[in-house]
Number of protein chains: 2
Amino acid sequence: MSTTNETSRKKLVNALNEELRNNSSATILFHQSIANKLGLNPTDHKCLEVILKNQPITAGELAEITGLTTGTITGVINRLEGAGYAFRDNDPQDKRRVIISVNQDKAKEEIVPLFSSFSGEIYKMLSEYTDQELQLILDFIKSSNRVLLEMKERMSNTY
Amino acid sequence: MSTTNETSRKKLVNALNEELRNNSSATILFHQSIANKLGLNPTDHKCLEVILKNQPITAGELAEITGLTTGTITGVINRLEGAGYAFRDNDPQDKRRVIISVNQDKAKEEIVPLFSSFSGEIYKMLSEYTDQELQLILDFIKSSNRVLLEMKERMSNTY
């Protein structure tokens, strides 16, 4: 971790910071364009992913996992239900409990194709790295995710 | 780029793919929580960043840079104007041209503090890497950004 040139290090850190910012813009705009196709917004679309991974799930559980307020979550579920991607139902185990499930057929038919060429491009890109390089990148992305989630938590608690 | 163990390589690639997916979720949810504080959605907030970098800018130019439809952009500008973060004005050089500018004071006062501790965490994280490692990560993030933007372009053109 020794640096021969202070200035070039600074330039590198700033360049990376700038590219990470561009990355968050590109991610949001990419998901916005997907969400547009589906008649949803990026948050709805990401919540759909969370429901898919955790279904059946209650609105409260979805709020907890995503860190969104229950008010926001109600709007999200209304839009997902309106667009036919998810539906509310009574829990057969406990009739007073409302659970949310994904309309698998519709999700598979309309969403998977939008992502398949994207996955292909990502796999192609990863093939150009050695195992050791991939491990370094994996650790970096994990650390970034930790920071993002911590900041989100802090934001929900302090402001 | 030689691999001694096919299976461990596959595991590594899948783990990275999964973390990249988590990264896009974390990015969107983090920006959603910021946007919530500001009374905006993540796309509005990102468009505000684009306006800030390119102002004065027309709605058409904003649509071109972001790849969003002019219909979406109109909604974005309405919300940004409604919340007081940006405003429409006649171009003093050409009265028929409407330009969008950012309300600098409000943006600085309310948005910068939300990001400052985030930047601090990112700089702290980057300090743990050597220059060579940072260069590798920088190249990877640049490639990811290229893929994201290409996919967004393709989506706007083909679907």
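A compact table of results
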read-out: Residue match in the stretch B:131-147 (condition: among the charged types (D, E, K, R) and in a loop (DSSP other than H, G, I, E, B)); value: no
read-out: Unique match (being buried (at least 20 other Cβ atoms within 10 Å of the Cβ), small (Gly, Ala, Ser) and part of a helix (DSSP H, G or I)) among B:26, B:15; value: B:26
read-out: Lone unmet requirement of (1) out of contact with any Lys or Arg (no Cβ under 9 Å at 6 or more places or on another chain); (2) acidic (Asp, Glu); (3) within 14 Å of another protein chain (Cβ to nearest Cβ) for residue A:89; value: (3)
read-out: Unmet criterion (only one of (1) open to solvent by 50 Å² or more (accessible area, probe 1.4 Å); (2) at pLDDT 90 or above; (3) within 12 Å of chain A (Cβ to nearest Cβ)) for residue B:75; value: (1)
read-out: From the options B:99, B:34, residue that is open to solvent by less than 20 Å² (accessible area, probe 1.4 Å), hydrophobic (A, V, I, L, M, F, W, C) and modelled with pLDDT of 90 or more; value: B:99
read-out: The lone exception for residue A:7 - which of (1) open to solvent by 50 Å² or more (accessible area, probe 1.4 Å); (2) modelled with pLDDT of 90 or more; (3) out of contact with any strand residue (DSSP E or B) (no Cβ under 8 Å at 6 or more places or on another chain) it fails; value: (2)
read-out: Residue tally, condition touching a strand residue (DSSP E or B) at 6+ places or on another chain (Cβ under 7 Å) and over 11 Å from residue B:40 (Cα atoms), over the stretch B:82-98; value: 8
read-out: Residue in the stretch B:39-62 that is farthest from the chain's Cα centre (by Cα), counting only those that are farther than 17 Å from residue B:108 by Cβ and open to solvent by less than 10 Å² (accessible area, probe 1.4 Å); value: B:57
read-out: Selection status of residue B:108, open to solvent by 20 Å² or more (accessible area, probe 1.4 Å), closer than 19 Å to residue A:18 by Cα and either more than 9 Å from every other protein chain (Cβ to nearest Cβ) or touching a residue at least 12 places away in the same chain (Cβ under 8 Å) (or both); value: yes
read-out: The one condition in (1) in contact with a Cys (Cβ under 9 Å, 6 or more places away or on another chain); (2) free of Cβ contacts under 8 Å to residues at least 40 places away in the same chain; (3) in a helix (DSSP H, G or I) that residue A:113 fails to fulfil; value: (1)
read-out: Filtered residues of the stretch B:82-110 (kept if part of a helix (DSSP H, G or I) and either touching a helix residue (DSSP H, G or I) at 6+ places or on another chain (Cβ under 8 Å) or hydroxyl-bearing (Ser, Thr, Tyr) (or both)); value: B:107, B:110
read-out: Scan of the stretch B:128-159 for residues that are loosely packed, with under 14 Cβ neighbours inside 10 Å and within 19 Å of residue B:17 (Cβ to Cβ), ordered by number; value: B:146
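Per-residue answers, yes or no, for (1) at the interface with chain A (Cβ under 9 Å from one of its Cβ atoms); (2) out of contact with any Asp or Glu (no Cβ under 6 Å at 6 or more places or on another chain); (3) aromatic (Phe, Trp, Tyr); (4) in contact (Cβ under 8 Å) with a residue 12 or more places away in the chain:
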position	(1), (2), (3), (4)
B:10	no, yes, no, no
B:15	yes, yes, no, no
B:20	yes, yes, no, yes
B:28	yes, yes, no, yes
B:38	no, yes, no, yes
B:43	yes, yes, no, yes
B:49	yes, yes, no, no
B:58	no, yes, no, yes
B:61	no, yes, no, no
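The values are calculated or read from the model by the stated rules, or taken from the named source; none is laboratory data. The structure displayed is predicted, hence computed values, not measured ones. Neighbour counts run over all protein chains shown; Cβ positions are idealised from the backbone, glycine included. Only protein heavy atoms, including side chains, enter the accessible area calculation; ligands, DNA and RNA are left aside. Shrake-Rupley method; radii C 1.70, N 1.55, O 1.52, S 1.80 Å.
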